[in-house]
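Novice: I have a structure here, written as structure tokens, and I will follow up with some questions on it.
The values are calculated or read from the model by the stated rules, or taken from the named source; none is laboratory data. The shown structure was predicted, so the numbers you read here are calculated from the model rather than taken from an experiment. Cβ placement follows ideal geometry from the backbone for every residue including glycine, while neighbour counts extend to all protein chains displayed. Remember, those area values only see protein heavy atoms, side chains included, never the ligands or the DNA or RNA. Shrake-Rupley method; radii C 1.70, N 1.55, O 1.52, S 1.80 Å.
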Amino acid sequence: MEISAIVKNTGSEHLVAVRTGNDERPLSIPAKHAGQGSGVNGGEFLMLALATCYCNDLYREAARHGITLDAVEVEATAHFPGVGLAASDIRYRARVASPADPATIAALLQHTDAVAEVHNTVRSGQPVVLVTGSPIEP
């Protein structure tokens with residue numbers, strides 16, 4: 001399954017959309033106040049990707065294992081030391097509300113960490129390749 005995201009920005013317009021397979025959805029992301037670029041930076045989106053992936057995967061894995069979750073909260077953090085430098089100290093924490101016993105929840109948290117796709121992608125150090133294209137038509 002292919003997953004993609006697109007950002008289209010001009011001085012007067014900022015459009016963002018995501019797509020999984022054939023299912024495309026627009027996202028409401030503001031432009032920077034100056035108008036050039038997104039009002040949400042890539043580091044914030046990376047942390048959101050980690051938090052969203054783990055949240056969704058917790059619900060998926062809980063359902064697969066017959067565990068009820070009433071609520072999930074995930075926070076992801078990282079330090080970005082400067083322009084052009086990779087993030088360091090990437091961490092996340094999750095809290096859940098569930099009638100399941102604490103040992104079951106602890107096992108679910110560990111299992112979900114092992115199968116979270118975005119986490120495993122970041123951990124694997126996959127290459128990111130720039131593919132150049134044609135100029136935007138005016």
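Novice: Which residue, of 64, 93, is touching a residue at least 12 places away in the same chain (Cβ under 8 Å), of a type in the set (Lys, Arg) and out of contact with any Phe, Trp or Tyr (no Cβ under 8 Å at 6 or more places or on another chain)?
Specialist: Values: 64 fails: touching a residue at least 12 places away in the same chain (Cβ under 8 Å).
Exactly one of 64, 93 is touching a residue at least 12 places away in the same chain (Cβ under 8 Å), of a type in the set (Lys, Arg) and out of contact with any Phe, Trp or Tyr (no Cβ under 8 Å at 6 or more places or on another chain), namely 93.
Novice: Can you work out which of the residues in region 60-88 that are of a type in the set (Asp, Glu) and in contact with a Ser or Thr (Cβ under 7 Å, 6 or more places away or on another chain) is least open to solvent (accessible area, probe 1.4 Å)? So that I can check it myself, show each step before the final result.
Specialist: If we filter region 60-88 for residues that are of a type in the set (Asp, Glu), which is where we start, we get 61, 70, 73, 75.
Adding the requirement that they be in contact with a Ser or Thr (Cβ under 7 Å, 6 or more places away or on another chain) leaves 61, 70.
Details: 61: 6, 70: 107 Å².
For region 60-88, the residue satisfying everything is 61.
Novice: Does region 32-52 include one or more residues that are in contact (Cβ under 8 Å) with a residue 12 or more places away in the chain and in contact with a Cys (Cβ under 8 Å, 6 or more places away or on another chain)?
Specialist: no
Novice: Within region 1-40, how many residues are under 25 Å from residue 135 (Cβ atoms) and of a type in the set (S, T, N, Q)?
Specialist: Residues that pass the stated criteria total 6.
Novice: Can you name the residue in region 1-27 that is polar (S, T, N, Q) and either modelled with pLDDT of 95 or more or touching a helix residue (DSSP H, G or I) at 6+ places or on another chain (Cβ under 7 Å) (or both) and, of all such residues, is farthest from residue 116 (Cα to Cα)? Show your work before the answer.
Specialist: Taking region 1-27 first, the residues polar (S, T, N, Q) are 4, 9-10, 12, 20, 22.
From the residues that got through so far, the ones that are either modelled with pLDDT of 95 or more or touching a helix residue (DSSP H, G or I) at 6+ places or on another chain (Cβ under 7 Å) (or both) too are 4, 20, 22.
Numbers: 4: 18, 20: 17, 22: 22 Å.
Filtering first and then ranking leaves 22.
Novice: Take the conditions at pLDDT below 95 and in contact with a Lys or Arg (Cβ under 7 Å, 6 or more places away or on another chain) and apply them to residue 35. Does it pass?
Specialist: Details: at pLDDT below 95: yes; in contact with a Lys or Arg (Cβ under 7 Å, 6 or more places away or on another chain): no.
The answer is no for residue 35.
Novice: Additional query: Considering only region 66-116, how many residues are within 12 Å of residue 50 (Cα to Cα) and part of a loop (DSSP other than H, G, I, E, B)?
Specialist: 1
Novice: I'd like the full set of residues that are open to solvent by less than 90 Å² (accessible area, probe 1.4 Å), part of a loop (DSSP other than H, G, I, E, B) and closer than 26 Å to residue 82 by Cβ, limited to region 1-59.
Specialist: Within region 1-59, 29, 30, 35, 37, 39, 40, 41 meet the criteria.
Novice: Then there is this: In the set 100, 106, which member is farther than 19 Å from residue 46 by Cβ, loosely packed, with under 12 Cβ neighbours inside 10 Å, modelled with pLDDT of 95 or more and of a type outside the set (Ser, Thr, Tyr)?
Specialist: Values: 100 fails: loosely packed, with under 12 Cβ neighbours inside 10 Å.
The unique qualifying residue is 106.
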